[in-house]
Structure formats: C-alpha cells, structure tokens
Amino acid sequence: MQMPARRESLHPIQEFVLKEASVRGMPGDVLQKIELVLEEVLLNIINYAYPETDSGEVQTGCREQDSGDFQIRIMDHGAPFDPLKRPDPDTGRPVQHREVGGLGIHLVKNMADRVEYTRQDGRNILDIVFNAVSSPGHKPAHKDASTSN
Amino acid sequence: MEINSKKVDQVLVISVSGRLDTTTAQDFESSCLELVKDESRIVVDLQEVEYVSSAGLRGILSVGKTVRSNGGGLVFCCLRGMVKEVFEISGFASIFSIYDTREQALESA
C-alpha cells in the first residue's frame, strides 16, 4: 500500500494492516500493539523523512510468515535513518528531568517481537515482526495450529 | 477521547476515556492543564482509556511536570491492558505513582 507521507495517511494504513492481521487470527492484545507500532513508526516518517519536500511517499506491506508470525514492512525514500540506532531514553529519570524524545521508538522496540532495519536501493526498510502468540500467559486455541498452504 | 472531572474532598479526580494518541493528545494536555491550574492534589483515572501512544505520554508528562512545578502532586489509577504496559515500558510507572483502585489513589493523592 503506497500513500503520501502525510498525517491523513496514518489511519488508512493502520486500518489496512489491522484488517490483515485480524484476518490472520492475531489476538486483540497484539492488534493493539500493531496499532501503536504503526502510529509511532509512520509518524516518524511523516514528520521527519522528507524535510525538504512535501511529496514523499510511505509504502506499507504485511504478510504472514510460514511460521505464522505476522510481518509488517514499512519503506520510505527519505535520508538514511536507522531508528534502532537512536539511544534509548533514560526511563529512570524523575518527572522534572524526563525528556519526551525517543519514547516512540523505545515503545516500538519493546512492543514488537523483532525489528530490523535495512537501507537498500535508496530506501529505508523497517521490518517489524509479531510472533503468532506473543504475550506471556496467552494460550493459543490450538497448540499445533497448522500453517499449511 | 473524553475528560470528566469532579472534586472528592480536597482531591480533583480527572477521568479520561477513549484514546490518547496523536490526534487527541493536544486536546488532553490543554484540557488537563486548565483543570489542574488551581489544584494541588490530583488523581487521573485511566480506567476507560484503551490506547495510549508516545504522543499521549508526552501530554501526560507535560501535565505531570506542570503540577509538580506548582508544588502539587499527581497520581494515576486503574490502568489496564496496553495502557499499563506502555506505562511500564516507558518508565512512567516508576516516575509517577500508580494505584490499582481509585480509593487507594484518593488516599495517597
């Protein structure tokens, strides 16, 4: 799904991915994490990927891996930016000294099961994977759920 | 996103419902800053909040800083699901006092 890197694109992209994830049986708590991760990553791109032009695009795709895990791929043509290299915010600082920056990516890294950045052919590519069963204590309906084609 | 407030004895209780995301965070922040202006003991009840992102956290932090710099105290209660998880991951669960029930929060506010 290719959309202009603008705020108006956020909800349509979230809807598209959440529908795909839901169809593939991702549980409700994971859907919420997916929604959050999309908001954080997409807003980053929308706000910062194309500082000099107003016409950049963001491309979002998703698929179920053979393992049953759910993978989201988000790509943009902005300047090279590896969000995973950003230092984590100091989450132990007291209120008065807490900075607000960097929290979004910190949430993404902690909510997703795997996040991987690649720079390829002039594109930033972020792959975000959610395990089929990700939250502790959550039991799948069928332990050996088949992923046959 | 909806905000309601009421006074319980000397404590201002702000109940939030809905989503605290990039579209609602500013509204949340400005409404809360207005509400807490002359208050020193505040409980924010997040029972009905189903979603919070970093934009929502920024609003919460801004309100928290304002209250503290005015010499007041602000505590949270009734976090659930992903909201609780986001508070924990971001460290907000350790920089703010969080209570399971509104009664506990009222006693400590």
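The values are calculated or read from the model by the stated rules, or taken from the named source; none is laboratory data. Everything numeric here is computed off the predicted structure, so don't read it as measured data. A quick note on method: Cβ atoms are made from the backbone with ideal geometry, for glycine too, and the neighbour counts reach across all protein chains shown. Please note that ligands, DNA and RNA were not included when accessible areas were found on the heavy atoms of the full protein model with its side chains. Shrake-Rupley method; radii C 1.70, N 1.55, O 1.52, S 1.80 Å.
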Residues within region B:77-109 that are out of contact with any helix residue (DSSP H, G or I) (no Cβ under 7 Å at 6 or more places or on another chain), modelled with pLDDT of 95 or more and open to solvent by less than 20 Å² (accessible area, probe 1.4 Å), tallied: 2
message: Condition first: of a type in the set (A, V, I, L, M) and closer than 19 Å to residue B:96 by Cβ. Now tell me which residues in region A:73-109 satisfy that.
response: A:95, A:100, A:103, A:107
field: Any chance residue B:53 is within 11 Å of another protein chain (Cβ to nearest Cβ), open to solvent by less than 60 Å² (accessible area, probe 1.4 Å), within 26 Å of residue A:99 (Cβ to Cβ) and not charged (D, E, K, R)
entry: yes
- request: For residues that are farther than 30 Å from residue A:24 by Cβ and surrounded by 12 or more Cβ atoms within 10 Å (Cβ to Cβ), tally how many sit in region A:89-105.
  value: 8
- prompt: Tell me, which residue of region A:93-129 that is of a type in the set (Gly, Ala, Ser) and touching a residue at least 60 places away in the same chain (Cβ under 8 Å) is nearest to the other protein chains (Cβ to nearest Cβ)?
  reply: A:104
- request: With the condition kept exactly as written, say whether any residue in region A:75-83 is under 23 Å from residue A:29 (Cβ atoms), in contact (Cβ under 8 Å) with a residue 12 or more places away in the chain and surrounded by fewer than 16 Cβ atoms within 10 Å (Cβ to Cβ).
  value: no
- prompt: How about region A:4-30: which of its residues are open to solvent by less than 40 Å² (accessible area, probe 1.4 Å) and farther than 17 Å from residue A:131 by Cα?
  reply: A:5, A:9, A:10, A:13, A:14
message: Contact list please: Cβ distance under 7 Å, first residue in region B:19-32 and within 14 Å of another protein chain (Cβ to nearest Cβ) and surrounded by 22 or more Cβ atoms within 10 Å (Cβ to Cβ), second residue part of a loop (DSSP other than H, G, I, E, B) and at pLDDT below 95, pairs at least six apart or on different chains.
response: none
- request: Could you list, in sequence order, all residues of region A:47-69 that are of a type in the set (A, V, I, L, M) and either part of a loop (DSSP other than H, G, I, E, B) or open to solvent by 30 Å² or more (accessible area, probe 1.4 Å) (or both)?
  value: A:49
